[in-house]
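Just so you know, all these numbers are worked out from the coordinates, no wet-lab data involved. For clarity, every value in this text was computed on a predicted model and none was experimentally measured. FYI the Cβ positions are ideal-geometry reconstructions off the backbone, even for glycines, and counts take in every protein chain you see.
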Amino acid sequence: MKPAAVFLDRDGVLNRALVVNRRPGAPLTLEEFEVLPVRPELERLRAAGYALVVVTNQPDVARGRVTRETIEAMHADLAAALPLDEIRVCYHDQADGCTCRKPAPGMLLTPPIYDVARSVMVGDRWRDVEAGKRAGCCATILLDYAYDEPLPREPDVRVASLAEAVDWILSNLCRA
C-alpha cells in the first residue's frame, strides 16, 4: 500500500513569509529565509506514518529575482532543520503554463505517488487549497493569516497555525 502524505506549502507554513500590505511573498535571500519552529509538529505527523512532502512554487527564479542556487540553499537549510521526505519545486511563472505550478496538481501527483485519497494539503494561500482539491486529497487545510487576496474555493478546514492543522489531521485521519 502506498503511504499517505501531508503535502506542505513552504512560504508561510515552514518558513516565514514576507508579508507587505497583507500580501505574502517569498524570501529572496538566505538572510531573509527563516525556518519556523515547526519540527515538533512535523515529528508528530511522521510518527503517525505520514510522508512529509514540501510542494512550493518559486516563480521568482523564472522572473530573475532569485537564483535557483539560492533556492536550493534555502531548501538545504530547510531539510537540515526539519524531518522532510521530499521537497518538490516549480520554478515556472504563471505564463509558462506548466502542470506543476500550483494550483495545478502536478507536484502532488509526481512520482513517487502517494495515496492521495488519504493525503492532506496544508497551505496558506488559495493556490495550495486548489492544488489539493484538484489532486484529490482527502482534505485541504488553510493556515488562515487573513491575507488580502481572494479565496475562490473554500478549504475543508481553516486553522490559525500548523500546530492546529496537525491536531486536526491526527484526530480526523482520512480513510481511503
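Give me the angle, in degrees from 0 to 90, between the Cα long axis of helix 68-81 and the longest principal axis of the Cα atoms of the chain, rounded to the nearest 10.
Relative to the chain, helix 68-81 is tipped by roughly 40 degrees.
What list do you get for TYR91, TYR145 if you sort them by fewest beta carbons within 10 Å?
On the way: TYR91 18, TYR145 14.
Ranking TYR91, TYR145 by Cβ neighbours within 10 Å, fewest first, gives TYR145, TYR91.
Using Cβ counts within 10 Å as a stand-in for footprinting exposure, how do LYS2, LYS133 rank, fewest first?
Final ranking by Cβ density, sparse to dense: LYS2, LYS133.
Considering the dipole of the chain built from charges on the beta carbon (Lys and Arg +1, Asp and Glu -1) around the Cα centre, which of LEU170, ALA51, MET1 is farthest to its positive end?
With unit charges placed on the Cβ atoms, the residue in question is MET1.
Got a sec? How would VAL122, VAL159 order by Cβ neighbour count within 10 Å, fewest to most?
Values: VAL122 29, VAL159 17.
Exposure proxy ranking, most exposed first: VAL159, VAL122.
Can you run phi through the Karplus equation (6.51, -1.76, 1.60; θ = phi - 60°) for region 13-18 and list ³J(HN,Hα) in whole Hz, with x for Gly and Pro?
Whole-Hz 3J(HN,Hα) from phi for region 13-18: 10, 9, 9, 5, 7, 8.
Would you work out the relative contact order for the chain, in percent, from Cα pairs under 8 angstrom that are 6 or more residues apart?
24 percent
Net charge near MET1, counting Lys/Arg +1 and Asp/Glu -1 over other residues with Cβ under 12 Å of its Cβ?
Local charge sum for MET1: +1.
So which trypsin sites (Lys or Arg not before Pro) in region 31-132 are both in a DSSP loop and have at most 16 other Cβ atoms within 10 Å of their Cβ?
Those satisfying the criteria are ARG63, ARG65.
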